[in-house]
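Chemist: This is the structure I want to talk about, given as structure tokens.
The values are calculated or read from the model by the stated rules, or taken from the named source; none is laboratory data. Note that this is a predicted model, so its numbers are computed, not measured. Here the Cβ positions follow ideal geometry from the backbone for every residue, glycine too, while neighbour counts run over all protein chains shown.
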Amino acid sequence: MALRIGVLASGRGSNLQAIIDAVERNELSAVIAVIVSNNKGAQALERARGHGIKASFVNPKDFPSREEYEREVVGILKENGVNLVVLAGYMLIAGRPLLDAFKKRIINIHPALLPSFPGLHAQRQAIMYGVKFSGCTVHFVDEHLDGGPIILQSVVPVLDGDDEESLSQRILVEEHKLLVSVLKLLSEDKVKVSGRIVRIL
């Protein structure tokens, strides 16, 4: 399937940059159709514009409800022919309009080995719990927070003396690789889902 990716991002957009770089190096056969952010100051928007990618800021405060905001976002994604949505540091929980419009076509990257440490500050949670390994997970998005079917994971050791920042930086390196790997598999139609189980062909 020819991937036309829509990226939702709220912050610096380093995972977005990894996708852009992979496309520009011809490592990933895909088109980044549009970037949408809920944060006017998101660096992700500047990264997109710097590479000639359409970038839209949609302010949730301009809408009477989260559902109305999300319907606007869905409209932008559909106008741009998006067939896969990537949540890359998107700090809002996907709601029903987005989930219904792109059923099993939304992926997210999370900085922990799910199902451990869902939600915010996953790296801090890992440090405080005392785990010896952490990492990152790319998963399909459903109605459960960080709870959709897991596609791929990458493991990062937690070292003596690690703090939230040092662990976050090492995980981030793996996030960039893992996200691109999953997008390659999807572009080659090698990902099959059966209930909670994801099989890589």
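Chemist: Yes or no: residue 120 under 26 Å from residue 200 (Cα atoms), at pLDDT below 95, not assigned by TED's automatic domain parsing to the domain that holds residue 76 and not polar (S, T, N, Q)? Quick ask: steps written out before the conclusion?
Modeler: Values: under 26 Å from residue 200 (Cα atoms): no; at pLDDT below 95: yes; not assigned by TED's automatic domain parsing to the domain that holds residue 76: yes; not polar (S, T, N, Q): yes.
For residue 120, the condition - under 26 Å from residue 200 (Cα atoms), at pLDDT below 95, not assigned by TED's automatic domain parsing to the domain that holds residue 76 and not polar (S, T, N, Q) - is not met.
Chemist: Still on this structure, please answer the following. Given the conditions (1) without any contact (Cβ under 8 Å) to a residue 12 or more places away in the chain; (2) of a type in the set (Ser, Thr, Tyr); (3) within 29 Å of residue 2 (Cα to Cα), which single one is not true for residue 166?
Modeler: Tallying (1) without any contact (Cβ under 8 Å) to a residue 12 or more places away in the chain; (2) of a type in the set (Ser, Thr, Tyr); (3) within 29 Å of residue 2 (Cα to Cα), residue 166 fails exactly one: (3).
Chemist: Next up: Would you mind stating whether residue 138 is of a type in the set (Val, Ile, Thr), closer than 16 Å to residue 14 by Cβ and modelled with pLDDT of 95 or more?
Modeler: yes
Chemist: If we keep just the residues of segment 1-48 that are among the basic types (Lys, Arg) and over 19 Å from residue 189 (Cβ atoms), which is surrounded by the most Cβ atoms within 10 Å (Cβ to Cβ)?
Modeler: Among residues in segment 1-48 that are among the basic types (Lys, Arg) and over 19 Å from residue 189 (Cβ atoms), the one surrounded by the most Cβ atoms within 10 Å (Cβ to Cβ) is 47.
Chemist: For segment 171-191, give me the residue count where each residue is surrounded by fewer than 21 Cβ atoms within 10 Å (Cβ to Cβ) and either of a type in the set (Asp, Glu) or at pLDDT below 95 (or both).
Modeler: The number of residues fulfilling the criteria is 3.
Chemist: Same structure again: Can you pull out the residues in segment 27-82 that are in contact (Cβ under 8 Å) with a residue 60 or more places away in the chain, assigned to a loop (DSSP other than H, G, I, E, B) and over 13 Å from residue 5 (Cα atoms)?
Modeler: Matches in segment 27-82: 27 only.
Chemist: Sort out which residues of segment 117-136 are free of Cβ contacts under 8 Å to residues at least 40 places away in the same chain and under 21 Å from residue 181 (Cβ atoms), and write them in order of number.
Modeler: Within segment 117-136, the subset free of Cβ contacts under 8 Å to residues at least 40 places away in the same chain is 117-120, 122, 125, 128-135.
Residues satisfying the conditions are 122, 133, 134, 135.
Chemist: How many residues are outside any helix (DSSP H, G or I), out of contact with any helix residue (DSSP H, G or I) (no Cβ under 6 Å at 6 or more places or on another chain) and small (Gly, Ala, Ser) if we restrict to segment 96-145?
Modeler: 4
Chemist: Kindly indicate the residue of segment 146-170 that is more than 18 Å from the chain's Cα centre (by Cα) and assigned to a strand (DSSP E or B) and also farthest from residue 191 (Cα to Cα) among those meeting that condition.
Modeler: First, pick out the residues of segment 146-170 that are more than 18 Å from the chain's Cα centre (by Cα): 156-167.
Next, from what is left, pick out any that are assigned to a strand (DSSP E or B): 156-157.
Details: 156: 24, 157: 27 Å.
Once the filter is applied, the top-ranked residue is 157.
Chemist: On the given criteria, is residue 158 under 30 Å from residue 78 (Cα atoms), crowded, with 18+ Cβ neighbours inside 10 Å and not small (Gly, Ala, Ser)?
Modeler: Against the criterion (under 30 Å from residue 78 (Cα atoms), crowded, with 18+ Cβ neighbours inside 10 Å and not small (Gly, Ala, Ser)), residue 158 does not qualify.
Chemist: Tell me yes or no: at least one residue of segment 134-144 is outside the structural domain of residue 46 (by TED's automatic domain parsing), aromatic (Phe, Trp, Tyr) and under 20 Å from residue 16 (Cα atoms).
Modeler: Going through segment 134-144, the residues outside the structural domain of residue 46 (by TED's automatic domain parsing) turn out to be 134-144.
If we keep only those that are aromatic (Phe, Trp, Tyr) as well, we get 140.
From what's left, under 20 Å from residue 16 (Cα atoms): 140.
Looking through segment 134-144, at least one residue is outside the structural domain of residue 46 (by TED's automatic domain parsing), aromatic (Phe, Trp, Tyr) and under 20 Å from residue 16 (Cα atoms).
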